[in-house]
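What follows is one structure encoded as structure tokens, with my remarks underneath.
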Amino acid sequence: MTTEDFLNGQILLIDKPLHFTSFQAVNKLKYALINKAGLPKKFKIGHAGTLDPLASGLLLVCTGKFTKKISELQGQAKEYTGTFYIGATTPSYDLETEIDQTFPTEHIDESLIYETVKQFLGEIDQKPPIFSAIKKDGIRLYEHARAGETVEIASRKTTIHEFEITRIALPEVDFRVVCSKGTYIRSLAFDFGKAMNSGSHLMVLRRTKIGNYDVKDAIDVNLFEQTLSHPM
């Protein structure tokens, strides 16, 4: 691809590694394109949907004129795969924080797990995690959480199009979910455990699809940078 191609607009399919923020991934691409592909320092670049640092997978990055497509891309359905840990919760609903409560799991079997899945299909009410970037009174929720402040979080409507259990090896349960924009899989993990009169948190999360874009067609951030040293 030429400098002109990137300025006219590209959608880059990036496989975001664990522990990278989405911002860091975009920044790495930006400086690679400036330093190796000769793009001007103020060229436009942005991603179409944040992935948490503890999640890996598909990040759509738009360059140049295609940054206008970001809102449209953000609105598309997303597919995730991952693992719930049944029997314990954490304040962040994932591995960012330590376990704060444990719950009984003796009553949980495969039939209860499959029955519980049905409760979450279609439109549901969901509360975002307290450890999230949503703003309340102008301050991000995770800032309130880290300051030890209790904040009332309003629930919001979201849609679970598909919810499939792919492996049960308690306390671990693997899943595949297709959902609408704004769905928090961490909240789904928490609510799923609660619905079984237990607890749960998210151990592993990978975004595999956004609309028709598939992570199988994505490239690692570091590998993308390397390809820029050679003709593309």
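Please verify whether region 28-49 includes one or more residues that are closer than 23 Å to Leu228 by Cβ and touching a His at 6+ places or on another chain (Cβ under 8 Å).
Scanning region 28-49 turns up no residue that is closer than 23 Å to Leu228 by Cβ and touching a His at 6+ places or on another chain (Cβ under 8 Å).
Here is a list: Gly64, Gly49, Gly57, Gly75. Which entry is surrounded by 22 or more Cβ atoms within 10 Å (Cβ to Cβ), in contact (Cβ under 8 Å) with a residue 24 or more places away in the chain and touching a Lys or Arg at 6+ places or on another chain (Cβ under 9 Å)?
One residue alone meets the criteria, Gly57.
Does region 96-105 hold any residues that are farther than 28 Å from Ile14 by Cβ and open to solvent by 60 Å² or more (accessible area, probe 1.4 Å), and which are they?
Glu98, Ile99, Asp100, Gln101, Thr102, Phe103, Pro104
Select the strands (runs of 3 or more DSSP E) contained entirely in region 1-104, then report the ones holding at least 2 residues which are under 18 Å from the mean Cα position of the chain (by Cα) and among the aliphatic types (A, V, I, L, M).
Passing ranges, in order: 10-16, 55-63.
Would you point out the residue of region 7-33, among those that are in contact with a Gly (Cβ under 8 Å, 6 or more places away or on another chain) and in contact (Cβ under 8 Å) with a residue 40 or more places away in the chain, that is surrounded by the most Cβ atoms within 10 Å (Cβ to Cβ)?
Lys16
On the basis of being open to solvent by less than 30 Å² (accessible area, probe 1.4 Å), without any contact (Cβ under 8 Å) to a residue 60 or more places away in the chain and out of contact with any strand residue (DSSP E or B) (no Cβ under 6 Å at 6 or more places or on another chain), does Leu39 make the cut?
The answer is yes for Leu39.
Which one is farthest from Thr50 (Cα to Cα) among residues in region 170-216 that are in contact with a helix residue (DSSP H, G or I) (Cβ under 6 Å, 6 or more places away or on another chain) and among the aliphatic types (A, V, I, L, M)?
The extreme case among them is Met196.
Against the condition out of contact with any Lys or Arg (no Cβ under 9 Å at 6 or more places or on another chain), in contact (Cβ under 8 Å) with a residue 40 or more places away in the chain and polar (S, T, N, Q), how does Ser180 come out, does it pass?
Here the answer is no, as Ser180 does not meet what is asked.
Looking at Tyr80, Tyr93, which one is crowded, with 18+ Cβ neighbours inside 10 Å, touching a residue at least 60 places away in the same chain (Cβ under 8 Å) and either charged (D, E, K, R) or touching a His at 6+ places or on another chain (Cβ under 9 Å) (or both)?
Details: Tyr80 fails: either charged (D, E, K, R) or touching a His at 6+ places or on another chain (Cβ under 9 Å) (or both).
Answer to the check: Tyr93.
The values are calculated or read from the model by the stated rules, or taken from the named source; none is laboratory data. From a predicted model like this one, the values you see are computed outputs, not experimental measurements. Positions of Cβ are backbone-derived with ideal geometry, glycine not excepted, and every protein chain shown enters the neighbour counts. All accessible areas refer to the heavy atoms of the entire protein, side chains included, with ligands and DNA or RNA removed. Shrake-Rupley method; radii C 1.70, N 1.55, O 1.52, S 1.80 Å.
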